[in-house]
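To keep things clear, I will list the structure first and then write my remarks on it.
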Amino acid sequence: MFEALLLNFLFLLVPVVIYLLFFENRPHSFNRWLLVLLSAITMSLCMILPIRLETGFTFDLRYIPFILVALFGGYANVLPLYAILNISRFYVGGEGVLPSFLFSTFVLLLVPLFSKRFILLSPRKRILAASTASFLMMACYLISLIFVIGHTDRQFWILTLNALATYSIMTAIIMILIERILANIQKRDRMIQTEHLNVVSELAASVSHEIRNPLTVTSGFLQLLNQSNNLSTREKEFIDLSLQELQRAEQIVSDFLSFAKPQSANMVYSNMQEELEYTRNIILPYASINEVEVQFRFNNKLKTSYDRNQVQQCLINLYKNAIEAMKSKGGGVLSIDISDKKQNIMISIHDTGVGMTKEEISRLGKPYYSTKSEGTGLGMLMVYSTVHKLKGSIEVQSEKGHGTTFLLTIPAEPLPS
Ligand code: ADP
Ligand code: MG
């Protein structure tokens, strides 16, 4: 019996190991059909080599992948699995066909109802929830067995004890593995992002700094030259033009410095109201040209310290992207909502634009990633860099064809001393 249990556990590990080996570096290519296929293989293997108790009863772990897919994937993913399970069970035949069909239908109808809430739970709670779900489902099955058999004896209770313990413990172990893998992927992505930002920020700081000095020196000498009396008006004109262009170059360098460290001259301690209203006013004409209605709600009392220019630039980049996403759809609504929640400033920017796929979302903030013909692919990088400097986080929800929401969570700070 113990060998059969270990074997069943090995079957459960198959999808986990395959994911770890082949998809850890590209989670987006792991699509639902692969998930269904791997789970179906596991379930079939479990059915072929079930666990036989000494009392003569047999049971297997096929419902663990079924319940997990139902919880993580909802109806859309568990339905094909349900079909495969019942067709193959029907094919194998025997007296267990009807109970298996009824029970899987019960799980199919009940468990995916909780899928949306399950996904939003913290990893720890997910492990607990999945094990509980597994335990409860098995308990329901066993209770229904009592009605079918009509009586209970010692052997039945041995089966019950074994099945319940095995199901909840195995589910917990598999869930711990899954959550560990997911956490590792997230951690690595964050590290890569931080690395990118550090490189860009350092490069921006050093290059801008190096270019600024010669620019200042050149413009100083040109101004001196301009005071000379033996210059013709035409020559003076040339010098004025050169000074103007130098000033423009200085402006570009300053803009690029916004990637770099916050500048003390721009630091403020505030609730961002001024920056949000200022940037909204800047963007209004651009929105109205593109038939975009702007809705704005401000309700935040929390404060933090930040570089005013950088925050403004960051917001403008987000608004611009949102409006550009709605441009091709002939207009839409841009909703900007600022509130406070548990010591965090929450900025939500929602558009009804073209939206993004999961893969596109994962590429946001990578340098030079742009889908626009005239895009620079630096806008989102600047957004991530700014929010990162504020120790905040960005959550992106998007549906292709329907729209996108950027949710910025920025921790409030007590007054700096
Ligand atoms: P750029 O705007 O120059 O293309 P960004 O870094 O600002 O560069 O944005 C990168 C890409 O992210 C865009 O080209 C676009 O494909 C996508 N994107 C950003 N924001 C949105 C949005 N609100 N809706 C849809 N796609 C977006
Ligand atoms: Mg942009």
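Output the Kirkwood hydrodynamic radius of region 264-411, Cα pairs only, in Å rounded to one decimal.
It works out to 15.5 Å.
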Order of exposure, largest accessible area first, which applies to His28, His350, His402 with probe 1.4 Å: His402, His28, His350
Largest-first ellipsoid semi-axes for region 2-191, taking √(5λ) over the Cα gyration tensor eigenvalues, angstrom: 29, 17, 16
Label-point separation, Tyr368 to Glu202 (7 Å along Cα→Cβ), nm: 1.9
Exposed-site-free run, longest, the chain (rule: trypsin sites (Lys or Arg not before Pro); DSSP loop; at most 13 other C-beta within 10 Å): 1-300
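In deg cm²/dmol and to the nearest 500, what is the mean residue ellipticity at 222 nm of the chain if only DSSP H runs of at least 4 residues count, each as -39500 (n - 2.57), divided by the residue total?
-22500 deg cm²/dmol
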Neighbour net charge for Arg308 - beta-carbon separation under 10 angstrom, K R +1, D E -1: -3
Cut-off 15 Å between beta-carbons: net charge of the residues surrounding Thr58, Lys and Arg +1, Asp and Glu -1: -1
Rounded tilt (10° steps) of 379-389 against the dominant C-alpha axis of the chain: 80
5 angstrom amide H check on Glu293, placed H, neighbours 5+ away: Gly332, Val333, Leu334
Cα→Cβ-extended label distance, 7 Å offset, between Glu360 and Thr152, nm: 5.6
With 5 Å bins from 0: P(r) over region 265-342, alpha-carbon pairs, percent: 3, 15, 25, 22, 16, 11, 6, 2, 0
Two-site label geometry, His209 and Glu250: point separation in nm, points 7 Å out along Cα→Cβ: 1.9
Cα-based convex hull, region 196-257, per residue volume (Å³, whole number): 55
Tensor-based shape of region 330-404 (alpha-carbon gyration tensor, a/c under 1.5 rounded, otherwise prolate or oblate): oblate
Largest to smallest principal axis extent of the C-alpha atoms in region 159-297, angstrom: 107, 39, 31
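Could you give the accessible area per residue of the chain, probe 1.4 Å, as a whole number in Å²?
So the chain comes to 57 Å² accessible per residue, rounded to a whole number.
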Acute angle (nearest 10 degrees) that the helix 233-256 long axis makes with the longest principal axis of the chain, alpha-carbon atoms: 20
Ratio Rg/Rh, restricted to the chain and using Cα atoms, in which Rh is the Kirkwood radius: 1.16
Region 103-181: C-alpha gyration tensor shape, a/c 1.5 cut-off, then a/b vs b/c: oblate
Degrees separating the helix 123-149 axis from the principal Cα axis of the chain, which is the longest one: 20
Surface share of carbon and sulfur [accessible, 1.4 angstrom probe, percent] for the chain: 62
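The values are calculated or read from the model by the stated rules, or taken from the named source; none is laboratory data. Keep in mind it's a predicted model, so treat the numbers as computed, not measured. Here the Cβ is made from the backbone with ideal geometry for all residues, glycine too, and neighbour counts use every protein chain on show. We work out accessible area using only protein heavy atoms, side chains counted, and drop any ligands, DNA or RNA first. Shrake-Rupley method; radii C 1.70, N 1.55, O 1.52, S 1.80 Å.
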